[in-house]
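The values are calculated or read from the model by the stated rules, or taken from the named source; none is laboratory data. Just so we're clear, the structure is a prediction, and the values are computed from it rather than from any experiment. As a convention, Cβ positions derive from the backbone with ideal geometry for all residues, glycine included, and neighbour counts pool all protein chains shown.
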Amino acid sequence: MRVVKTIPDLRGARAALGQSVGVVLTMGALHEGHLALVRAARQDHDHVLATIFVNPTQFAPGEDLSKYPRPLERDLDLLRAAGVDVVFTPSPEVMYPPGFQTHVTVECVTEGLEGAARPGHFQGVVTIVAKFFNLTQPTTTYFGQKDAQQVVVIRQMVRDLNFPLTIAVIPTEREADGLAMSSRNVYLTTEQRQNATSLHRALQAAGEAYTAGECDPQGLRAAALAVLADCGGEVEYVSLNDPRTLAEVDQPTESPLLMSMVVRYGKTRLLDNGLLPASLNTREGLTATLGGE
């Protein structure tokens, strides 16, 4: 596995890989969710390229940039064992050199959910992803379901800016008790960690209600909120949205829905989501609904 830190070295390494390349973009602190993306890329393509970069421009003031875990050597060992060919680990100065003044903005689909909760977040995400797409030239790029809004935002950018690549969406990897894997889970106390399983149980309750015939967004939200009433944290939102446009849905519909929720435990925000009907929460269903044309 080759580890490169500069753009010239990355361009040279990428050129040597040929045409069939799966790309996985990460901020490090890797867990099984990231490795699931790598395995999918490894299965689909001749070569896999990964990035590790804690992007400062997607952190709002007061967020956890300085405390974000950076176990680089451990991450590299995991990627090496998973069969990654090239890892790009640039510094902020490489990605944002002196005089940098260009940003990419996606409208509409960034306005609600995390876009409303974290102003400026998606401009930082989209700008760095556009740069990485330009540098790594993916055949396919892989994202996790947990970042559903991010996937929809990036899909819009890919369509609008004509990036020649395919987006694949891989189901959320979960702990044995259902908690979605996240680099931020390490911040939870023992009690918070136990309570955090409420997010998955709330999604399951909404999924069961949907399967039983509930198609009114108010009823589906009520099913989730009934579980979150004992979550031990602060519920920031439970939202039902059109998974293509992210417009909020407030009337009964037979079309698929994206249920998203955020619960705060102290300073730690946990996000989880799922498509309704729950049968869509497969690679094929997620890719077609969130990432496909």
Does the stretch 5-13 contain any residue that is hydrophobic (A, V, I, L, M, F, W, C), closer than 25 Å to Y68 by Cα and surrounded by 23 or more Cβ atoms within 10 Å (Cβ to Cβ)? yes
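Rundown of residues vs (1) within 16 Å of Q149 (Cβ to Cβ); (2) surrounded by fewer than 18 Cβ atoms within 10 Å (Cβ to Cβ); (3) of a type in the set (D, E, K, R); (4) over 22 Å from the mean Cα position of the chain (by Cα), yes/no style:
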residue	(1), (2), (3), (4)
A226	no, yes, no, yes
V238	yes, no, no, no
A247	yes, yes, no, no
D250	no, yes, yes, yes
L257	yes, no, no, no
R264	no, yes, yes, no
T268	no, no, no, no
G274	yes, no, no, no
Run V106 past the list (1) assigned to a helix (DSSP H, G or I); (2) in contact with a helix residue (DSSP H, G or I) (Cβ under 6 Å, 6 or more places away or on another chain) and report the number of the one that doesn't hold. (1)
Could you run through the stretch 127-141 and say how many residues are in a helix (DSSP H, G or I), buried (at least 18 other Cβ atoms within 10 Å of the Cβ) and not aliphatic (A, V, I, L, M)? 5
Take the conditions without any contact (Cβ under 8 Å) to a residue 24 or more places away in the chain and either under 23 Å from G33 (Cα atoms) or surrounded by fewer than 18 Cβ atoms within 10 Å (Cβ to Cβ) (or both) and apply them to A288. Does it pass? yes
Right, P119: more than 16 Å from M1 (Cα to Cα), in contact with a Gly (Cβ under 9 Å, 6 or more places away or on another chain) and either part of a helix (DSSP H, G or I) or touching a residue at least 12 places away in the same chain (Cβ under 8 Å) (or both) or not? no
Scanning the stretch 208-230 for residues that are within 30 Å of T190 (Cβ to Cβ) and modelled with pLDDT under 95 gives D230
When residues of the stretch 165-223 are filtered for being of a type in the set (D, E, K, R) and closer than 18 Å to L37 by Cβ, how many remain? 4
If I go through the stretch 270-279 residue by residue, how many of them are outside any strand (DSSP E or B) and either in contact with a helix residue (DSSP H, G or I) (Cβ under 6 Å, 6 or more places away or on another chain) or touching a residue at least 60 places away in the same chain (Cβ under 8 Å) (or both)? 2
Do you know which of the residues in the stretch 77-88 that are surrounded by fewer than 20 Cβ atoms within 10 Å (Cβ to Cβ), over 20 Å from the mean Cα position of the chain (by Cα) and in contact (Cβ under 8 Å) with a residue 24 or more places away in the chain is farthest from R39 (Cα to Cα)? R80
